[in-house]
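Where a number appears in this text, it was derived from the coordinates with a stated rule and is not lab data. Please read these numbers as outputs of a predicted model, since none were measured by experiment. Backbone-built Cβ (ideal geometry, glycine too); neighbour counts: all protein chains shown.
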Amino acid sequence: MIAVGALISGAGTNLQAIIDRIAAKRLDCDLRLVVSNRADATGLRRATAAGITTRVIDHRGFSRREDFDRAVVAALREAGVELVVLAGFDRLITPVFLEAFPLRIINIHPALLPGFTGLHAQRQALAYGVKIAGASVHFVDEHTDHGPLIVQGAVVVAPDDTEETLRERILAVEHEIYPLAIQMFAEGRIRVEGRRVIVHGARPPLPPPLVSW
Ligand code: GRF
């Protein structure tokens, strides 16, 4: 079973979705370690409640990003982690981290990439006036919210959506697609060819087009 480590900074609802999916035996991985750079992250309590080992590594204790990353990498290695899952982790990661886990770090972003990278993706989507929004799970590379896409999920933007209502609707999608991506990785179904991620095996039938105005 693949050993997974999750990195969080905040609420940890994606972490909770992963924990719940493992408990329901629909996600076949061993969540070995949860690391937070913030001691007050709610996600730490979720991990502890599920009996998962947690570590707090406060980035403010390091003068260089690389040194913080080295400490995180050491903790992940010590726990035998094979796949690193960024779940609301609010630090940029450096090549030190990327080189330690090549094509083994994944992230979730609350937008249909390549649109709306960085902070406040939902606010950006509303300001731009998109009619369909969503979330993306992708491999992490040296650029922010940029690496090869593994899974995306879409939602309709309602005319009366606020940043908060859109955030909630996108989060529901995130909680579906992140465990799905991890499961596909765990099953060894993912191959990366340049920017393209090929997922082997059965797929659901094509749904009707999602149309919105
Ligand atoms: C999610 O919207 C995720 O896409 C983004 O940060 C947020 C984390 O939420 N990277 P949570 O901590 O999982 O609730």
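Tell me which of Gln122, Thr94, Ala74 sits at the most positive position along the dipole axis of segment 53-147, charges placed on C-beta atoms (Lys, Arg +1; Asp, Glu -1).
Farthest towards the positive end: Gln122.
Note down the nm distance, to one decimal, between modelled labels 7 Å out along Cα→Cβ at Val211 and at Glu187.
Between Val211 and Glu187, the label points sit 3.2 nm apart.
Segment 136-173 to segment 99-117: how many Å between their Cα centroids?
11
Just rank Ser212, Ser136, fewest to most, by other beta-carbon atoms within 10 angstrom.
Details: Ser212 13, Ser136 26.
Going from least to most buried by this count: Ser212, Ser136.
Using only the Cα atoms of the chain, what are the Rg and Dmax in Å?
Cα-based Rg and Dmax for the chain come out at 16.9, 51 Å.
When the helix-only estimate is applied to the chain (DSSP H runs of n ≥ 4, each -39,500 (n - 2.57), divided by the residue count), what is the mean residue ellipticity at 222 nm, nearest 500 deg cm²/dmol? It would help to have the intermediate numbers written out before the result.
Numbers: 6 runs with 71 residues, N = 213.
Mean residue ellipticity at 222 nm (helix-derived): -10500 deg cm²/dmol.
Assign one of three labels to segment 43-130, namely rounded, prolate or oblate, based on the Cα gyration tensor with a ≥ b ≥ c the square roots of its eigenvalues; rounded applies when a/c is under 1.5, prolate when it is not and a/b is larger than b/c, and oblate otherwise.
Working: a/c = 1.96, a/b = 1.59, b/c = 1.23.
Cα axes put segment 43-130 in the prolate bin.
How big is Rg to Rh over segment 107-213, alpha-carbon atoms, Rh as the Kirkwood inverse-mean-distance radius?
Working: Rg = 14.2 Å, Rh = 14.5 Å.
Dividing the radius of gyration by the Kirkwood radius yields 0.98.
Only sites in a loop by DSSP and with at most 15 other Cβ atoms within 10 Å count here; which GluC sites (Glu not before Pro) in segment 140-213 make the cut? Please list the in-between numbers first.
Numbers: sites: Glu142, Glu163, Glu164, Glu168, Glu174, Glu176, Glu187, Glu193; in loops: Glu142, Glu187.
Loop-located and lightly packed - Glu142, Glu187.
So how long is each side of segment 1-102 along the principal axes, counting just the alpha-carbon atoms, biggest first, in Å?
Per principal axis, max minus min of the Cα coordinates gives 41, 28, 19 Å.
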